[in-house]
Amino acid sequence: MLILVVNCGSSSIKYQVRDTNFDNDDQAVITKGLIENIGVDLPDHDAALEIMAEKLDEALGDREIEAVGHRVVHGGERFSEPVLVNNEIIRAIERLAPLAPLHNPAHAKGLRAVARKWPSLPQVVVFDTAFHRTMPEHVWRYAVPEEFYTLHGIRRYGFHGTSHDYVTGIAAELLGIDRSEFNAVIAHLGNGASVTAIKEGKSVDTSMGYTPLAGLVMGTRSGDIDPSVLTSFMERNPEVSAADMNRILNNESGLLAIAGSNDMRKVVEAKESGDSRAQLALDMTAYRLAKYIGGYHVAVGGMQALVFTAGIGENSAEFRALAVEQLGALGIKIDPELNAIRSDEPRVISTEDSLVKVLVVPTNEEKAIALATKDVVNQIWPDRG
Ligand code: AMP
């Protein structure tokens, strides 16, 4: 099935056309691109789609797209799996805007623009939060007055779900373990980073929370901090607004604040040339991750595998080594030679005698969205192939 996978942001549309008959990206990805400057050079999402449609016509010739899969950041409490889009679903995504003000309104605009442009094309939405709907209440509730949750929907949702789900499936397969019996900890370490505890193939805890700010030290995000840091800082600096605090914690913190760069490659290079700030940033980032891994080992009743994925997890042998170095108490050891190998394939990097397998599994959110879209379409119209 030929699927158009799109990620509609407020000022851009990222797209990829995939043929689900192929597994490998070399064959599966027919074309991809990015349309930018919506709201600047282009008036709206409809105008961006016109440009995308022209590019698709050129790239696809007489082949036709059969369905569209959208990445949607927030599915709130309602959505626990991908669904076929209709007007009511678009309105529900819009109603979740208070939980994802930068993302959900843009997704809704993209969904409407596609429906106007190609009214007969089935659209499926795949939510970043959905995989974490299996977390138990004692994990997702915050210990604050009840109306935070009942009136405002403030609870842990978790993100990167499409990636954590996809990587869990590949890791279980690689180890020959039935997914329903697979306990693991997945570390998705990219620009945004999160760790998920997987018990019997499902998410039972994850480090991001109400928003993607919580948990690990990230490129520009602080991750977990004492909430009094905010109130105390704002009391001392009355001119600092909530929006300023949001910007500071989301865009000016993390590796950037400590090491002066949010790019892991540059931070590792700086450390190797003796930069003490880079050393501190790496120590903080690896230590925070190791604490989560230890905690989630308990949460899942003993992990069978620790899995690294995303930009840093897949590519930074140095950072993987720094994090695993701290897990000696759990009997986890990586083989330096296996760790140093660069590859696009899922692989084991632990030593034979490591008590837990350590894996690197490249994530592929576009592929996961395309496959989920195909599944939904096939369930509704089994004859579409
Ligand atoms: P992602 O959000 O998954 O695309 O990950 C992006 C991040 O991965 C970048 O900010 C880099 O810090 C990191 N990254 C990519 N390639 C490498 C590499 N070879 N070594 C270390 N970090 C890398």
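Before moving on, here are some points about what is shown:
- Restricting Ile369, Ile293 to residues that are part of a helix (DSSP H, G or I), within 16 Å of the ligand (Cβ to nearest atom) and in contact (Cβ under 8 Å) with a residue 12 or more places away in the chain narrows the list to Ile369.
- Residue ID - farthest from the ligand (Cβ to nearest atom), chosen from residues in the range 253-269 that are touching a residue at least 40 places away in the same chain (Cβ under 8 Å) and outside any helix (DSSP H, G or I): Asn262
- Of everything listed in (1) part of a helix (DSSP H, G or I); (2) more than 13 Å from the ligand (Cβ to nearest atom); (3) in contact (Cβ under 8 Å) with a residue 24 or more places away in the chain; (4) not hydroxyl-bearing (Ser, Thr, Tyr), the single unmet condition for Glu318 is (2).
- Residue check for Ser350: within 16 Å of the ligand (Cβ to nearest atom), modelled with pLDDT of 95 or more and of a type in the set (Ser, Thr, Tyr): no
- Any chance Ala59 is among the aliphatic types (A, V, I, L, M), closer than 13 Å to Gly110 by Cα and either out of contact with any Cys (no Cβ under 7 Å at 6 or more places or on another chain) or not in a helix (DSSP H, G or I) (or both): no
- Test: Glu272 is within 16 Å of the ligand (Cβ to nearest atom) and exposed (fewer than 14 other Cβ atoms within 10 Å of the Cβ): yes
- Exactly one residue out of Pro336, Pro346, Pro382 is out of contact with any helix residue (DSSP H, G or I) (no Cβ under 8 Å at 6 or more places or on another chain) and either surrounded by fewer than 20 Cβ atoms within 10 Å (Cβ to Cβ) or within 21 Å of Val17 (Cβ to Cβ) (or both), and it is Pro382.
- Residue-level check: of (1) in a helix (DSSP H, G or I); (2) within 16 Å of the ligand (Cβ to nearest atom); (3) within 30 Å of Glu337 (Cβ to Cβ); (4) not hydrophobic (A, V, I, L, M, F, W, C), Asn250 misses just (3).
- Residue in the range 140-159 that is within 16 Å of the ligand (Cβ to nearest atom), in contact (Cβ under 8 Å) with a residue 24 or more places away in the chain and either under 30 Å from Asp46 (Cβ atoms) or not in a loop (DSSP other than H, G, I, E, B) (or both) present: yes
- Every condition in (1) surrounded by fewer than 21 Cβ atoms within 10 Å (Cβ to Cβ); (2) over 22 Å from the mean Cα position of the chain (by Cα); (3) part of a helix (DSSP H, G or I) is met by Asp375 except one, and the failing one is (2).
- The number of residues in the range 74-86 being buried (at least 16 other Cβ atoms within 10 Å of the Cβ) and closer than 14 Å to Lys109 by Cα comes to 1.
- Taking (1) in a helix (DSSP H, G or I); (2) touching a residue at least 40 places away in the same chain (Cβ under 8 Å) in turn, Pro212 satisfies each apart from (1).
- Test result for Asp26, without any contact (Cβ under 8 Å) to a residue 40 or more places away in the chain and in a loop (DSSP other than H, G, I, E, B): no
The values are calculated or read from the model by the stated rules, or taken from the named source; none is laboratory data. Keep in mind the model is a prediction, meaning the values are calculated, not measured. Neighbour counts run over all protein chains shown; Cβ positions are idealised from the backbone, glycine included.
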